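Visitor: Would you mind keeping the following structure in view while I ask a few things?
The values are calculated or read from the model by the stated rules, or taken from the named source; none is laboratory data. Keep in mind that what you see is a predicted model, and the values were worked out from it rather than measured. Please note: Cβ atoms are built from the backbone with ideal geometry, for glycine as well, and neighbour counts cover all protein chains shown.
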Amino acid sequence: INSQFRLRASASGYYTAGSVRNTLFGGDRTGSNYYGVMYNAPISNANFTNGRFNPGFGDKVAAVMGNLFLKFSPVQGFSLESFTTLENAGGRGANEPDVRKSNQFVTDLVVR
């Protein structure tokens, strides 16, 4: 927008009417960056999906995600940054008759 304020927005969507096995939430592309945060007890082995939320959707999956990045730098050498993600998804497991819904909201605030 100007030299002090930066804005970036993006959106994505995904839909599949039917699938034997869908890995949108369960696949591994990069490994987990947050080891063990989803567990209340210590884990004894390396689990590549820990730190992720997986709603278990394998069939009739529809997902929409929006991302917003804001950066404000009032003076040189100092900035406030915010990265926000909002996701709305729905789907069902292979043996489930009804579609379930899942929402995620996350924001990361950084002072540099």
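Visitor: Can you tell me which residue in region 66-98 is modelled with the lowest pLDDT, limited to those that are of a type outside the set (S, T, N, Q) and in a loop (DSSP other than H, G, I, E, B)? Working first, answer last.
Guide: Pass one, region 66-98, residues of a type outside the set (S, T, N, Q): 66, 68-72, 74-75, 77-78, 80-81, 83, 86-87, 89-94, 96-98.
This time we only want the ones that are in a loop (DSSP other than H, G, I, E, B), so: 77, 93-94, 96-98.
Details: Gly77: 89, Gly93: 84, Ala94: 79, Glu96: 87, Pro97: 90, Asp98: 92.
Among those that are of a type outside the set (S, T, N, Q) and in a loop (DSSP other than H, G, I, E, B), it is Ala94.
Visitor: Which residue is modelled with the lowest pLDDT, if the candidates are limited to region 7-40 and must be of a type in the set (S, T, N, Q) and surrounded by 12 or more Cβ atoms within 10 Å (Cβ to Cβ)?
Guide: At the first step, the residues of region 7-40 found to be of a type in the set (S, T, N, Q) are 10, 12, 16, 19, 22-23, 30, 32-33, 40.
From what is left, the residues that are surrounded by 12 or more Cβ atoms within 10 Å (Cβ to Cβ) are 16, 19, 22-23, 32.
Numbers: Thr16: 88, Ser19: 77, Asn22: 75, Thr23: 75, Ser32: 58.
The qualifying residue modelled with the lowest pLDDT is Ser32.
Visitor: Taking Asn103 as the residue in question, decide whether it is at pLDDT 90 or above, assigned to a strand (DSSP E or B) and surrounded by 11 or more Cβ atoms within 10 Å (Cβ to Cβ). So that I can check it myself, show each step before the final result.
Guide: On the way: at pLDDT 90 or above: yes; assigned to a strand (DSSP E or B): yes; surrounded by 11 or more Cβ atoms within 10 Å (Cβ to Cβ): no.
No, not satisfied.
Visitor: If you don't mind, there's one more thing I want to ask. Here are some conditions: (1) at pLDDT 80 or above; (2) of a type in the set (Val, Ile, Thr); (3) surrounded by 11 or more Cβ atoms within 10 Å (Cβ to Cβ). Ile43 meets all but one. Which one does it not meet?
Guide: Unmet condition: (1).
Visitor: Moving to a separate point now. Here is a list of conditions, (1) surrounded by 14 or more Cβ atoms within 10 Å (Cβ to Cβ); (2) of a type outside the set (A, V, I, L, M); (3) at pLDDT 75 or above, and Arg52 meets all of them except one; can you say which number that is?
Guide: Of everything listed in (1) surrounded by 14 or more Cβ atoms within 10 Å (Cβ to Cβ); (2) of a type outside the set (A, V, I, L, M); (3) at pLDDT 75 or above, Arg52 misses just condition (3).
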